[in-house]
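J.: This structure is in structure tokens; I'll ask about it shortly.
Since every read-out is calculated from the coordinates, none of them should be taken as a lab result. Keep in mind that this is a model prediction, so the values were computed, not measured. In this analysis, Cβ positions are derived from the backbone assuming ideal geometry, glycine residues included, and neighbour counts consider all displayed protein chains.
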Amino acid sequence: MIPKVYILDDDLTYAKLLAANLGKAGRFRNEVFDNHQALFDRRSEEPPDAVITDLVMPGFSGIEVTRRLRASDPHLPIFVLTAHGDMETAIEALKAGANEYLTKPVNMDELTTLLQRALDERPLREEVASIQKVRQEEFSVRAILGQHPRIEEARAFVRRVAEIPRPTVLLLGESGTGKNLVARAIHYSSPHSTGRFVEINCSALPSQLLEAELFGYQKGAFTDARESKRGLIEVADGGTLFLDEIGDLSRELQAKLLNFLESRRFRRLGGTDEIEVSQRIITATNRDIEASVRRSEFRADLYYRVSVATHELPPLREIKDDLPLLADHFREVFNREFRKQVSRISPEALKTLQDWDWPGNVRELRNVIERAMIFADDTQLTPTDLPELGSIEIEVEPAEIEAGDTFRIPTGLTLAEAEKEYIRQTLEACGGSVQRAAELLGISRKNLWEKRKKYGLLD
Ligand SMILES: Nc1ncnc2c1ncn2[C@@H]1O[C@H](COP(=O)(O)OP(=O)(O)OP(=O)(O)O)[C@@H](O)[C@H]1O
Ligand SMILES: [Mg+2]
């Protein structure tokens with residue numbers, strides 16, 4: 001199909017001239033109009049593949065034409081012609097949605113190339129837009145499921161915070177309660193998100209690597225820095241920087257982060273220039289961060305800085321009314337993924353699920369349904385399909401050990417031996433909860449794991 005181009009100009013002679021030129025190679029079929037009404041009438045009979053419109057016309061401007069066309073077709077190639085490079089109105093045309101503006105007299109080669117490119121790119125643009133739309137759906141407020149008042153509150157919080165251009169947000173809640181989900185929802189439902197959503201888990205990397213990831217570095221800043229690299233703070237400019245597990249930040253990085261948050265300026269490692277950025281900062285932790293502040297493990301000033309807007313997500317055991325709805329949602333998800341047709345969860349299976357207290361929260365529920373769906377036949381999900389609850393590894397909130405409890409460490413040990421013994425007893429007192437032990441020891445889970453490995457304390 002040869003693409004159809006509508007040309008609108010109150011100077012019909014000029015429009016015809018343009019049409020004749022454009023039509024030469026037989027690449028476009030052109031129709032000319034000397035007033036907008038004729039164009040819109042014709043369009044309702046037969047929509048064009050592209051429109052070229054003059055900017056200044058009596059009674060109706062090219063900008064209004066552009067706006068109207070754009071409103072009904074977000075991907076229609078629209079080109080605006082200006083008589084004498086009137087920059088300001090030309091820019092206004094771009095804002096109204098024109099692809100491009102060209103100054104009269106028009107360079108025909110340029111117009112042909114631009115037109116052809118816009119027509120070729122159209123399917124791709126449409127695809128990108130539809131993917132973006134799906135992503136927005138997937139990550140929007142609507143992805144936060146549940147009818148419990150506390151989930152309603154979470155959604156209301158997301159909406160409120162999304163309206164603010166550059167908030168600092170702290171999300172609290174046990175593991176698996178949906179902190180990542182909420183962070184994404186804030187980003188993807190915000191009109192202020194012009195940049196990317198960038199996520200980093202502060203407990204996943206040793207402090208120095210994390211610092212380099214966050215702030216970036218200049219070539220030569222350290223031995224391995226052969227190229228300069230932008231840090232995630234820069235990458236997230238205009239968007240959202242999500243610092244997950246912020247409770248695991250080292251003291252040193254806590255200080256650096258505070259500096260950055262106060263000025264919204266930073267330097268790359270080894271860099272001299274200050275870089276200024278503007279973005280939404282979301283932090284999250286599943287720790288009792290106020291307790292960390294009381295134990296002086298987490299800087300109070302940083303805590304106040306990040307907790308401007310705070311929201312705590314409820315554990316699943318406190319919103320059990322929502323369990324059937326969530327379980328059913330995951331049944332649908334895995335139906336699709338495993339190409340199954342399990343039509344429901346049996347009342348008995350649901351009862352078993354209701355009776356469990358879900359220390360791993362929604363994530364644990366999701367994992368349980370996933371496993372069950374592997375075994376379920378194509379009718380319904382029954383208790384025998386369910387894995388043994390509690391068998392899927394999760395971290396539980398642990399034993400009642402508090403800072404201040406006494407351990408016995410024999411004298412005569414080297415410092416390393418004493419450290420090993422102290423770690424062993426702490427782990428024991430925490431009932432094996434690595435999370436809690438790491439908290440009490442004031443080190444990251446990763447660091448604790450390394451120490452256990454070194455001392456042969458991995459069971
Ligand atoms: N209200 C909810 N509606 C739908 N899905 C949910 C909800 N809450 C949690 N989930 C799902 O549960 C899983 C765990 O959620 P998420 O990763 O956001 O938890 P988290 O609080 O960040 O956990 P962690 O502290 O371990 O990082 C994800 O698959 C998420 O999509
Ligand atoms: Mg998380």
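J.: Between beta-carbons, use under 15 Å as the cut-off and find the net charge around ARG42, counting Lys and Arg +1, Asp and Glu -1.
T.: Working: positive: LYS4, ARG29, ARG43, ARG68; negative: ASP9, GLU31, ASP34, ASP41, GLU45, GLU46, ASP49, ASP73.
Cβ neighbours under 15 Å give a net charge of -4.
J.: Please list, ordered by chain and number, the residues whose modelled amide H lies under 5 Å from the amide H of LEU81; skip anything fewer than 5 residues away on the same chain.
T.: The answer is THR53, ASP54, LEU55, LEU102.
J.: Non-local amide H neighbours of THR283 (under 5 Å, H modeled in plane, Pro and chain starts lacking H): which ones?
T.: Answer set, sorted by chain and number: VAL169, LEU170, LEU171, LEU243.
J.: Can you list residues from other chains, or at least 5 along the same chain, whose modelled amide H is less than 5 Å from the amide H of ILE7?
T.: GLU31, VAL32, PHE33, ILE52
J.: Turning to a different aspect of this structure: Beta carbons within 10 angstrom, averaged per residue: use that to sort the peptides 103-113, 305-315, highest first. All intermediate terms of the calculation are to be shown ahead of the outcome.
T.: Numbers: 103-113: 13.5, 305-315: 18.6.
Top of the packing list down: 305-315, 103-113.
J.: Highest mean first, what order results for 412-422, 439-449 on Cβ atoms within 10 Å? Mind dumping the intermediate values first?
T.: Details: 412-422: 12.4, 439-449: 18.4.
Order by mean packing, descending: 439-449, 412-422.
J.: Can you pull the one-decimal nm distance between simple spin-label points at GLU419 and ALA38, each 7 Å off the Cα toward Cβ?
T.: Roughly 8.6 nm, to one decimal.
J.: A follow-up question, please. Have a look at TRP356, PRO383, ASN335 and report the one farthest towards the positive end of the charge dipole of segment 317-385, computed about the Cα centre with Cβ charges (Lys/Arg +1, Asp/Glu -1).
T.: ASN335
J.: Hey, which lysines would be in cross-link range of LYS453, C-alpha to C-alpha under 29 Å, not counting anything within fewer than 8 residues on its own chain?
T.: Cα-Cα hits under 29 Å: LYS420.
J.: Let me ask another. Would you report the distance distribution of C-alpha pairs in the chain as whole percents per 20 angstrom bin, up to the bin with the largest distance?
T.: 19, 37, 30, 12, 2, 0
J.: Identify all lysines with a Cα-Cα distance to LYS340 below 30 Å; exclude those on the same chain that are fewer than 8 residues away in sequence.
T.: Within the straight-line limit of under 30 Å, LYS340 reaches these lysines: LYS133, LYS179, LYS320, LYS351.
J.: Take a quick pass over segment 4-131 and tell me how many lysine pairs come in under 19 angstrom between Cα atoms, counting only ones 8 or more apart or on separate chains.
T.: Values: LYS4/LYS16; LYS4/LYS24; LYS16/LYS24; LYS16/LYS104.
Summing the qualifying lysine pairs gives 4.
J.: If the cut-off is 18 Å between C-alpha atoms, which aspartates and glutamates fall inside it for LYS229, apart from same-chain ones fewer than 8 positions away?
T.: The reachable aspartates and glutamates, counting only those whose Cα sits under 18 Å from LYS229, are GLU199, GLU211, GLU213, ASP237, ASP273, GLU274, GLU276.
J.: Also: Hey, can you list the DSSP H helices of the chain whose Cα span along the axis is 27 Å or longer and whose average Kyte-Doolittle score is at least -1.0?
T.: On the way: long enough: 108-139 (44 Å, -0.75).
Both cut-offs are met by 108-139.
J.: About the Cα centre of segment 219-293, what is the dipole size in debye to 20, counting +1 per Lys and Arg Cβ and -1 per Asp and Glu Cβ, all else neutral? Spell out each step's value before the answer.
T.: On the way: 12 positive and 14 negative charges, 61 e Å.
It works out to roughly 300 debye.
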